[in-house]
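These notes are about the structure you will find just below.
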């Protein structure tokens with residue numbers, strides 16, 4: 001991933017330029033971040049499900065090096081919010097507005 005995982009200051013004018021309204025832009029970014037986050041969580045859970053044991057005994061907790069490495073990999077990945085902001089600013093996020101029913 002090309003996204004910088006560190007905290008950086010974003011220019012609100014750049015974010016608002018895409019839609020013309022900062023709050024609409026933030027709403028779009030947050031919805032995309034939720035999508036990315038749920039996809040990453042699903043991938044992580046699928047990978048960790050391979051290591052799940054059928055025994056629910058608290059005394060039999062095994063440390064699996066592969067499981068720990070997978071978890072550390074996902075912890076080092078950039079956050080979903082950073083990815084969604086970069087996608088939005090680069091024009092990689094599709095968004096449209098539904099027209100409301102006029103009364």
Filter result for residue 51 (assigned to a loop (DSSP other than H, G, I, E, B), modelled with pLDDT under 90 and surrounded by 10 or more Cβ atoms within 10 Å (Cβ to Cβ)): yes
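Do the conditions hold for residue 16, that is, is it surrounded by 13 or more Cβ atoms within 10 Å (Cβ to Cβ) and modelled with pLDDT under 95?
yes
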Counted residues, segment 64-103 - those being assigned to a helix (DSSP H, G or I), loosely packed, with under 10 Cβ neighbours inside 10 Å and at pLDDT below 85: 1
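The values are calculated or read from the model by the stated rules, or taken from the named source; none is laboratory data. Please read these numbers as outputs of a predicted model, since none were measured by experiment. We place every Cβ from the backbone using ideal geometry, glycine too, and count neighbours over all the protein chains shown.
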